[in-house]
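Heads up: the structure comes next, in structure tokens.
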Amino acid sequence: MLTTASIGIAGTIAAGRASADTLADVPPREPGADLSAFSARSKYVRIGRIPEAGPGRRNVDPSDAINSKTPLDKLVGTITPSDLHYERSHSGVPDLDPAKHRLLMHGMVQKPLVFSVDDLKAMPSVSRTVFLECTGNGWENWKKADENLTVQNTHGLVSTNEWTGVPLKFVLDLVGKEKESTWMLAEGGDAAGVARSIPLTDEIMEEAILAYGQNGEPLRPAHGFPIRLIMPGFEGNLNIKWLRRLKFGDQPWMTRWETARYTQLLADGKAKQFQLRMETNSVITSPSGTMEIRPGYNRITGLAWSGHGKIAKVQVSTDGAKTWAEAQLNYPILAKAQTRFQMDWVWDGQPTKIVSRSTDEKGNVQPDRVSFIAQMGTNALFHYNAQQTWSIDAAGRVRNVLA
């Protein structure tokens, strides 16, 4: 809910900028275009993802890219359009025929089964809005800060969609998972054969979804068509795309994806495995990197999310983390989904730094960079959730800095 003070500030500024001397300033009506099979974006909207080949390797040829980042600075609300949802793949996007695709469920189960896509669509379904985040989100700022980065560069590997599919617990009942089975191997149908061992905790068995729908339509190929695993709150690579097999057992399989690939090299030289949950995070999306602002009223807005549950509050500092003010959270506030926050700010024109920090419903607070690096070191590459700082100079230029 907007406060009386915020309505007053914003209303005064908006009225001043929107004033018109005569109705002649209003554009005339024009005949419209014919109806079509789908609605395209306006020709005046220029929005797209950034192909990337790794930290510091941006705007590369798509054939060299390993991911493509969501333009967070150009989005409103919390839902990411399906075609702008970040993409991460290890061997490109397979072209799978849903009529031929199958899901095998076997291992420590009483009744191994093979399901078609139509079989899954005939089962009871659920829809849930949750974020997905690549473990590499934020890797641009691990060791240094390129001042020319946008928020799309620094945080574009996170997106929020509504996913629709069959609850994992429903199909577990069909195959009769044995009590001793405490792990699940999820394998994708891409050429890389991405496969991850997943602990079958109560939380995961209750919340995981075998999804075939994304934002009200079938999954996009880049996001797992015709079936993918959705694991609310857990690292993106566990949400296996193009899902073809679930195998059940009493221990992890130690695939290359959880030994050589998705492990954290800590400051003491040890490697941390199975760091599965995405931590409490937030970022100011406007004003943010490479934008320019003017003295006077500015609206600060951004996104916050946590793999532990709902966002409880977001605080914003406009003086380089010396003092903090609580931002307004936009409804609905959903568990394990991105929440938009906003705050009125009157900038006095003096150089400063702005930063946000989020707290979730379980009391987890987003760490500052100094505390984060003290714990994780700079050898690691994944699960970066330190507070993001933007500097603003006297000319109103917004730049990426470490703190």
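Points worth noting:
- Across the stretch 245-262, computed HN-Hα scalar couplings (Karplus, 6.51 cos²θ - 1.76 cosθ + 1.60, θ = phi - 60°) run 8, 10, 10, 10, x, 10, 7, x, 8, 6, 5, 4, 6, 10, 10, 7, 9, 8 Hz from first to last residue, x flagging Gly and Pro.
- Highest-MSF residue in the chain out of 336, 143, 100 [GNM, Cα springs under 10 Å]: 100
- Label-reachable residues, the stretch 357-377, where backbone N falls under 14 Å from a point 7 Å from residue 313's Cα toward its Cβ: 357-366
- Note on the chain: dipole from Cβ charges, positive end direction compared against 48, 215, 75; the farthest Cα belongs to 48.
- Under 20 Å from the residue 74 label point (7 Å along Cα→beta-carbon), backbone N, the stretch 115-142: 138
- Measuring nothing but how far apart in sequence close Cα pairs (under 8 Å, 6+ apart) lie, relative to its length, the stretch 222-280 scores a relative contact order of 30 percent.
- 10 °C / 1.306 mPa s Stokes-Einstein diffusion coefficient of the stretch 206-365, Kirkwood radius on C-alpha pairs, µm²/s: 85
- For trypsin sites (Lys or Arg not before Pro), the sites in the stretch 159-220 that DSSP calls loop and that have at most 12 other Cβ atoms within 10 Å are 179.
- Taking each residue as 0.36 nm, the span from residue 350 to residue 179 lengthens on full extension beyond its C-alpha to C-alpha distance by 55.3 nm.
- About the centre of its Cα atoms, the stretch 78-151 shows a dipole size close to 420 debye [charges on the beta carbon of Lys, Arg (+1) and Asp, Glu (-1) only; nearest 20 debye].
- Value of Rg to Rh for the stretch 279-399 (Rh from inverse mean 1/r over Cα pairs, i.e. Kirkwood): 0.98
- GluC sites (Glu not before Pro) within the stretch 162-233: DSSP coil, no more than 16 neighbouring Cβ in 10 Å: 178, 180
- Size of electric dipole in the stretch 252-359: Cβ of Lys, Arg +1 and of Asp, Glu -1, about Cα centre, debye, nearest 20: 400
- Cα gyration tensor, the stretch 329-403 - rounded (a/c under 1.5), prolate or oblate: oblate
- At a probe radius of 1.4 angstrom, the accessible area of the chain per residue rounds to 47 square angstrom.
- Rg and Dmax [Cα atoms of the chain; Å; Rg one decimal, Dmax integer]: 22.8, 77
- Nitroxide proxy distance, nm - points 7 Å out along Cα→Cβ at residue 260 and residue 34: 5.5
- Mean ellipticity per residue at 222 nm, deg cm²/dmol - from DSSP H runs of n ≥ 4 across the chain, formula -39500 (n - 2.57): -3000 deg cm²/dmol
- Of the solvent-accessible surface of the stretch 293-369, computed with a 1.4 Å probe over protein heavy atoms with every protein chain present, carbon and sulfur atoms account for 48 percent.
- The mean sequence distance of close C-alpha pairs (under 8 Å, at least 6 residues apart), as a share of the length of the chain, puts its relative contact order at 16 percent.
- Restraint check, 247/362; 74/353; 313/353; 43/313, Cα-Cα greater than 27 Å: 247/362; 43/313
- The translational diffusion coefficient of the stretch 147-285, from Stokes-Einstein at 20 °C and 1.002 mPa s with a Kirkwood hydrodynamic radius over alpha carbon pairs, comes to 130 µm²/s.
- Two-decimal log10 I(q)/I(0) for the stretch 55-168, as the Debye equation yields it once each C-alpha is a single scatterer, q = 0.12, 0.19, 0.23 Å⁻¹: -0.63, -1.11, -1.32
- Under the membrane-span-like helix rule (DSSP H runs whose alpha carbons stretch at least 18 Å along the helix axis, mean Kyte-Doolittle hydropathy 0.5 or higher), the chain yields 4-18.
- Cα centroid of the stretch 240-294 to Cα centroid of the stretch 161-202, whole Å: 18
- Estimated dipole of the chain in Debye, rounded to 20 [Cβ of Lys and Arg +1, of Asp and Glu -1, Cα centre]: 400
- Distance distribution note for the stretch 273-343: the fraction of Cα pairs above 20 angstrom is 36%.
- Sites listed here are trypsin sites (Lys or Arg not before Pro) in the stretch 256-309 whose DSSP assignment is loop and whose Cβ has at most 15 other Cβ atoms within 10 Å: 256, 270.
The values are calculated or read from the model by the stated rules, or taken from the named source; none is laboratory data. These numbers were taken from a predicted model, which means no experiment stands behind them. Please note: Cβ atoms are built from the backbone with ideal geometry, for glycine as well, and neighbour counts cover all protein chains shown. Please note that ligands, DNA and RNA were not included when accessible areas were found on the heavy atoms of the full protein model with its side chains. Shrake-Rupley method; radii C 1.70, N 1.55, O 1.52, S 1.80 Å.
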